[in-house]
Amino acid sequence: MAALLKRGSRGAAVRALQELLNRAGASPALLVDGDFGGQTETAVRAAQDRLGLVVDGLAGKQTVTALHRAIEPANPSRPEPDKSAMQEGVSGAPADRVAVRPPPNVGALKLLDTARPISEIIVHCAATPEGKDFTVGDIRAWHKQRGWNDIGYHYVVYRDGRVLPGRPVGQIGSHVAGHNTGTIGIAYVGGVNTDGRTAKDTRTDRQRSSLLWLVRELAAKHKGVRKVTGHNQYAAKACPSFDVRLDQLGAIV
Ligand SMILES: [Zn+2]
């Protein structure tokens with residue numbers, strides 16, 4: 001269902017959309033007739049509003065992705081780390097400088113556009129132990145267990161430097177209370193010591209390069225971006241386990 005569906009669209013793709021809207025809780029339920037009329041448009045708008053998307057009544061890639069994510073069950077195969085155990089405070093000297101390098105999966109990575117105005121990029125860690133790999137699927141399952149529609153972050157940077165899309169950027173994230181509107185949330189895998197509780201800047205050089213690259217690309221794409229901050233500037237939390245203001249990341253925009 002790659003094409004943009006809108007009022008007047010017809011056919012199998014519209015039927016699939018109507019079914020998806022019903023499964024995602026369209027009320028009243030839509031007649032699945034393959035005809036994108038006023039009721040389908042109303043249901044698309046209601047779903048977009050509920051999911052934090054731009055409410056335009058058009059069903060494009062981001063709306064369809066968000067609907068699919070909203071109906072996926074949460075099946076964590078590994079338990080979510082207990083972030084409340086993560087001790088506050090950022091220790092250690094600022095990390096050495098690294099060169100900005102594209103992520104190893106740059107060829108497969110598509111940074112989506114959005115009509116949602118973006119003014120800030122907020123950096124997080126996944127609060128997972130040093131030296132261990134976790135996936136977007138793991139984090140998505142943990143966040144869905146909290147009752148969210150999808151993973152809270154828009155992008156996740158793996159330990160090997162790959163950048164993976166999380167929640168579609170057109171959808172408001174869930175990463176900093178009171179600062180989700182107008183922001184993009186990015187997270188790196190890691191952020192605590194092997195004990196699972198002590199905050200630690202565990203970024204690998206590849207992660208640091210990819211974070212720099214990602215922030216630079218996002219700032220170029222979303223013209224309103226004026227600052228790059230860390231979660232710990234808004235909450236009494238250690239996340240992302242370093243001070244963005246003292247890091248290369250804080251000097252990009
Ligand atoms: Zn955070």
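Observations on the model:
- Candidates Val106, Val163: the one that is away from the ligand (no atom under 14 Å from the Cβ), over 16 Å from the mean Cα position of the chain (by Cα) and hydrophobic (A, V, I, L, M, F, W, C) is Val106.
- When each of Gln62, Gln48 is tested for being under 18 Å from the mean Cα position of the chain (by Cα), under 17 Å from Arg116 (Cβ atoms) and in contact (Cβ under 8 Å) with a residue 60 or more places away in the chain, the lone residue that passes is Gln62.
- Some residue of the stretch 118-125 being assigned by TED's automatic domain parsing to the domain that holds Thr202 and away from the ligand (no atom under 16 Å from the Cβ): yes
- If you go through the stretch 39-72 and keep only what is assigned to a loop (DSSP other than H, G, I, E, B) and farther than 13 Å from Asn149 by Cβ, you end up with Val54, Val55, Asp56, Gly57, Leu58, Gly60.
- Contact annotation: residue pairs with Cβ atoms under 6 Å, 6 or more positions apart or on different chains, pairing a residue in the stretch 201-214 that is surrounded by fewer than 22 Cβ atoms within 10 Å (Cβ to Cβ) with a partner that is acidic (Asp, Glu), are Arg206/Asp160.
- Residues (surrounded by fewer than 23 Cβ atoms within 10 Å (Cβ to Cβ) and either closer than 13 Å to Lys110 by Cβ or among the basic types (Lys, Arg) (or both)) located in the stretch 156-167: Arg159, Arg162, Leu164, Pro165
- Pairs, first in contact (Cβ under 8 Å) with a residue 60 or more places away in the chain and under 23 Å from Asp243 (Cβ atoms) in the stretch 117-143, second away from the ligand (no atom under 16 Å from the Cβ) and polar (S, T, N, Q), C-beta under 6 Å, six or more apart: Pro129/Thr194; Glu130/Asn193; Glu130/Thr194
- Taken together, the criteria exclude Gly178 from residues that are within 16 Å of the ligand (Cβ to nearest atom) and surrounded by 24 or more Cβ atoms within 10 Å (Cβ to Cβ).
- Number of the condition not met by Gly250 [criteria: (1) within 14 Å of the ligand (Cβ to nearest atom); (2) small (Gly, Ala, Ser); (3) free of Cβ contacts under 8 Å to residues at least 60 places away in the same chain]: (1)
- Residue within the stretch 214-233 that is in contact with a His (Cβ under 6 Å, 6 or more places away or on another chain) and away from the ligand (no atom under 11 Å from the Cβ) present: no
- Test: residue in the stretch 74-85 that is more than 25 Å from Leu249 (Cα to Cα), free of Cβ contacts under 8 Å to residues at least 12 places away in the same chain and polar (S, T, N, Q): yes
- Flag if Gly57 is buried (at least 16 other Cβ atoms within 10 Å of the Cβ), at pLDDT 95 or above and in contact with a helix residue (DSSP H, G or I) (Cβ under 9 Å, 6 or more places away or on another chain): yes
- Residues that are surrounded by fewer than 24 Cβ atoms within 10 Å (Cβ to Cβ) and either within 11 Å of the ligand (Cβ to nearest atom) or under 17 Å from Phe134 (Cβ atoms) (or both) within the stretch 181-200 comprise Asn193, Thr194, Asp195, Gly196, Arg197, Lys200, listed in sequence order.
- Failed item, numbered, when Thr128 is tested on (1) closer than 12 Å to Pro165 by Cβ; (2) crowded, with 20+ Cβ neighbours inside 10 Å; (3) over 13 Å from the mean Cα position of the chain (by Cα): (1)
- Yes/no for Tyr158 being within 16 Å of the ligand (Cβ to nearest atom), under 21 Å from Lys200 (Cα atoms) and touching a strand residue (DSSP E or B) at 6+ places or on another chain (Cβ under 7 Å): no
The values are calculated or read from the model by the stated rules, or taken from the named source; none is laboratory data. Not measured: the values here are computed from a predicted model. Backbone-built Cβ (ideal geometry, glycine too); neighbour counts: all protein chains shown.
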